[in-house]
Amino acid sequence: MALLLLLHDANTLPRNSLGVGLSAVHVHHGLRGEEADGDLSFVQLLCERLKVPLHIHRASVPDRLAHARKTGQPENLEEAARVVRYAFFEQLIVEGHADSVLTAHTLDDQAETVLMKLLRGAWTKGLSGIYPVVLVPHTIHSGKIVRPLLGVRRAELIDYLESRNQDWRTDSTNTDQAFTRNRIRHSILPLLRGENPAIDQTLANLAELAREDEARWQSELGRILPQLLLPGLPVRGGGRGVSTAPGHSNSVALEIDRLRTLDPALRRRVVRAAARQLGVRLSFDETTRLLSLAGFSADPTVATRTGASLSLSDGLRVERSAREMRFSRTVPKTNSGSE
């Protein structure tokens, strides 16, 4: 509500008109029954009063969640709802209905996200939290997801709405402590504020630092990976061959001597990037075990001899030869027939 009113005012006041075509978007997730229907009616009435066009998308998050679980995707209800929302946002951009979609994420949302990622053991990218701008590339229409209120506290927006005598809707599930974000919002962060009243800003600052670090590392990886990644397996007579066996992704390899020339931080990221080439995200423990396989850390449970191998998540297998670490992945067959 606050974001829509702020944009409407900025676009209609003569002195500082944005000069853009403003519309609103509402996603009905197929959850919460009559309450969600009331949300939609509330938004429709407001947009009619403001004379703002409204894009409405009706979805079924339960169906999305059931499909995700059937295909082995680790989604919960919140993640499934997010996927549905952003798929529609991107559809609006791709179809040319919008150049940018703005969401009203606040500094409070950023702090909650960073803390949630930290508790789940995220790497630098995860600690980057909510990005201020996300590009939506497309061959025909490209656009952006923008978060203009990411530096604003939730309480400031409530004060603004009250000053405008503007009501708003509250999702009743926002108080349900079955959801991780709600436990962080209502229980954990209030305790942390007792130790550091500025903890929300501190976590938001951490996200900014992590984004800068992640951008720097991605630039470095983009430069160095083409020199390090070797496709497929070595074949007799020289060169490398690529597997065409059904269910196998193309293999990649890293020369151990080349890894030895890298500093530990870059070496760890290169190993993770090699796995990402095959569509696998390594955990911290899996990355450490791979480094042990190559002889760079001491894990007594991991053999370092030639021919030793590790079987990791998502069908990833890594084998050590005399000179290389070879990554390959077996992709489970899926039943594509109708039911």
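Some points to look at:
- Residue match in the stretch 78-101 (condition: within 17 Å of Arg183 (Cα to Cα) and either assigned by TED's automatic domain parsing to the domain that holds Arg147 or buried (at least 20 other Cβ atoms within 10 Å of the Cβ) (or both)): yes
- In the stretch 284-299, residue nearest to Leu262 (Cα to Cα) [restricted to those that are in contact (Cβ under 8 Å) with a residue 24 or more places away in the chain and in a loop (DSSP other than H, G, I, E, B)]: Phe296
- Test result for Arg153, within 20 Å of Leu107 (Cβ to Cβ), among the basic types (Lys, Arg), in the same structural domain as Asp108 (by TED's automatic domain parsing) and buried (at least 16 other Cβ atoms within 10 Å of the Cβ): no
- Subset of the stretch 155-186 [assigned to a helix (DSSP H, G or I) and either aromatic (Phe, Trp, Tyr) or closer than 20 Å to Ser41 by Cβ (or both)]: Tyr160, Leu161, Ser172, Thr173, Asn174
- Hits in the stretch 127-154 - residues which are over 23 Å from Leu46 (Cα atoms) and in contact (Cβ under 8 Å) with a residue 60 or more places away in the chain: Leu127, Ser128, Gly129, Ile130, Tyr131
- Condition check for Thr71: more than 27 Å from the chain's Cα centre (by Cα) and not basic (Lys, Arg): no
- Options Leu50, Leu45, Leu18, Leu77; residue that is modelled with pLDDT under 85 and over 27 Å from the mean Cα position of the chain (by Cα): Leu18
- Positions within the stretch 290-307 being surrounded by fewer than 18 Cβ atoms within 10 Å (Cβ to Cβ) and not hydrophobic (A, V, I, L, M, F, W, C), in sequence order: Gly295, Ser297, Asp299, Pro300, Thr301, Thr304, Arg305, Thr306, Gly307
- Hey, Ile199 touching a residue at least 40 places away in the same chain (Cβ under 8 Å) and either aromatic (Phe, Trp, Tyr) or surrounded by fewer than 17 Cβ atoms within 10 Å (Cβ to Cβ) (or both) or not: no
- The requirement of being modelled with pLDDT under 95, under 20 Å from His105 (Cα atoms), under 19 Å from the mean Cα position of the chain (by Cα) and among the aliphatic types (A, V, I, L, M) is satisfied by Val136.
- Considering only residues in the stretch 89-112 that are of a type in the set (A, V, I, L, M, F, W, C) and assigned to a strand (DSSP E or B), the one that is farthest from Asn205 (Cα to Cα) turns out to be Val101.
Conditions tested, residue by residue: (1) among the charged types (D, E, K, R); (2) touching a Lys or Arg at 6+ places or on another chain (Cβ under 9 Å); (3) not assigned by TED's automatic domain parsing to the domain that holds Leu6.
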| position | (1), (2), (3) |
| --- | --- |
| Leu157 | no, no, no |
| Gln166 | no, no, no |
| Asn174 | no, yes, no |
| Arg181 | yes, no, no |
| Leu189 | no, no, no |
| Leu192 | no, no, no |
| Pro197 | no, no, no |
| Ala204 | no, no, no |
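- In the stretch 66-84, the residues that are under 11 Å from His29 (Cα atoms) and charged (D, E, K, R): Glu78, Arg82
- Selection within the stretch 202-215 - more than 11 Å from Thr124 (Cα to Cα), out of contact with any helix residue (DSSP H, G or I) (no Cβ under 7 Å at 6 or more places or on another chain) and not β-branched (Val, Ile, Thr): Asn205
Condition check ((1) of a type in the set (S, T, N, Q); (2) exposed (fewer than 15 other Cβ atoms within 10 Å of the Cβ); (3) over 17 Å from Leu6 (Cα atoms)) across all residues:
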| site | (1), (2), (3) |
| --- | --- |
| Trp123 | no, no, yes |
| Gly129 | no, no, yes |
| Thr139 | yes, yes, yes |
| Glu162 | no, yes, no |
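The values are calculated or read from the model by the stated rules, or taken from the named source; none is laboratory data. Every value quoted in this text rests on a predicted model; they were computed, and no experiment measured them. Positions of Cβ are generated from backbone atoms using ideal geometry, with glycine treated the same way; all protein chains shown enter the neighbour counts.
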